[in-house]
Ligand code: FES
C-alpha cells in the first residue's frame with residue numbers, strides 16, 4: 001500500500017518546528033505504524049538525513065513508552081489500542097497520516113514526536129506508592145482480598161502511564177492517571193496506611209507540575225489504551241473529601 005506520513009519535526013525545544021511529508025510506497029499493510037517509521041528512518045539515515053525521533057520500548061502495548069497523535073487522535077483511531085499496536089491495514093490505501101507529539105505544558109518536547117513525561121514519575125513519587133515495610137513477599141493467602149475488590153483494583157492498576165489522557169484533555173489534566181493510581185492503592189489493604197494523605201499530595205503535585213484540572217469532556221477515557229473509566233476521577237474527588 002501507499003502512505004504519506006506528515007510528521008512534526010522539531011530538532012530541539014527552542015527551535016521552530018514544521019511538518020515534513022514522506023511518501024512510503026509499497027509498504028506492507030501488516031506493518032505496524034512504528035515499523036513504518038522504522039522503515040522511513042532507514043531511508044532517512046541512508047540519505048544522510050536525521051531520523052524521526054519517537055519513543056517506544058515493548059511494542060506490545062504494555063509499557064506505555066509509545067504515544068503520539070495520529071490525525072489528531074492520541075494513539076490513533078482505534079479504541080483500546082496503543083500506537084505500537086496500530087497496524088497500517090487499519091488505514092485506506094493512499095492515506096495521509098499526520099503524526100504529532102503529545103502537546104501539554106507538563107510534557108515539554110524533546111525532539112520530533114518525543115516528549116518528556118517524567119512529570120508522571122514525579123506524581124508517583126508524590127504519593128503513588130506504599131512505603132510500609134513489608135519484609136519478604138507474604139503468602140498469597142495471608143491477606144485475603146475479596147474477588148470484586150481485587151478485580152476493581154486491578155482494573156485501575158492496568159494504567160501504563162502513556163500520557164494519552166493528558167494529551168487528549170483540553171486542560172491537559174492528569175486526573176485519570178492520578179485517579180487510577182489512587183484507586184489501585186486505595187482499594188487494597190496494603191494501600192491503607194498512607195491513604196489519608198495520598199490523594200491530597202498527588203493532586204497538589206499535579207497542579208505544581210502544570211497539569212490542568214479535569215475538563216469533564218471524558219476524552220481521557222475515550223483514548224485510554226487500557227479503557228480505564230473516567231468514573232475513577234469522581235472516586236478520586238470523593239477520596240480527597242474523605
Ligand atoms: S511501546 Fe510499550 S506500550 Fe507501546
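The values are calculated or read from the model by the stated rules, or taken from the named source; none is laboratory data. Computed from a predicted structure; not experimentally measured. Here the Cβ is made from the backbone with ideal geometry for all residues, glycine too, and neighbour counts use every protein chain on show.
Table for the structure above
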{"read-out": "Count of residues meeting criterion [crowded, with 18+ Cβ neighbours inside 10 Å and assigned to a helix (DSSP H, G or I)] in region 183-234", "value": "16"}
{"read-out": "Counted residues, region 131-182 - those being away from the ligand (no atom under 16 Å from the Cβ), out of contact with any strand residue (DSSP E or B) (no Cβ under 9 Å at 6 or more places or on another chain) and in a loop (DSSP other than H, G, I, E, B)", "value": "16"}
{"read-out": "Every residue from region 215-242 that is more than 17 Å from residue 161 (Cα to Cα) and in contact with a strand residue (DSSP E or B) (Cβ under 8 Å, 6 or more places away or on another chain)", "value": "215"}
{"read-out": "Those residues of region 92-106 which are more than 16 Å from the ligand (Cβ to nearest atom) and touching a residue at least 24 places away in the same chain (Cβ under 8 Å), in sequence order", "value": "93, 94, 95, 96, 97, 98, 100, 103, 104, 105, 106"}
{"read-out": "Hits in region 65-91 (condition: within 13 Å of the ligand (Cβ to nearest atom), more than 13 Å from residue 33 (Cα to Cα), touching a helix residue (DSSP H, G or I) at 6+ places or on another chain (Cβ under 9 Å) and part of a loop (DSSP other than H, G, I, E, B))", "value": "65"}
{"read-out": "Residue 24 vs. criteria within 16 Å of the ligand (Cβ to nearest atom) and at pLDDT 95 or above", "value": "no"}
{"read-out": "Answer from 111, 15, 43 - the residue that is within 21 Å of the chain's Cα centre (by Cα), outside the structural domain of residue 218 (by TED's automatic domain parsing) and more than 16 Å from the ligand (Cβ to nearest atom)", "value": "111"}
{"read-out": "Criterion: farther than 26 Å from residue 72 by Cα and within 19 Å of the chain's Cα centre (by Cα) - qualifying residue of 161, 212, 128", "value": "128"}
{"read-out": "Search result, residues across region 28-52 that are buried (at least 18 other Cβ atoms within 10 Å of the Cβ) and in a loop (DSSP other than H, G, I, E, B)", "value": "31, 52"}
{"read-out": "Some residue of region 34-42 being in contact with a helix residue (DSSP H, G or I) (Cβ under 6 Å, 6 or more places away or on another chain) and under 23 Å from residue 210 (Cα atoms)", "value": "no"}
{"read-out": "Pair list, Cβ < 8 Å and 6+ apart or interchain, from region 156-181 residues that are farther than 12 Å from residue 213 by Cβ and free of Cβ contacts under 8 Å to residues at least 40 places away in the same chain to residues that are within 16 Å of the ligand (Cβ to nearest atom) and in a helix (DSSP H, G or I)", "value": "157/180"}
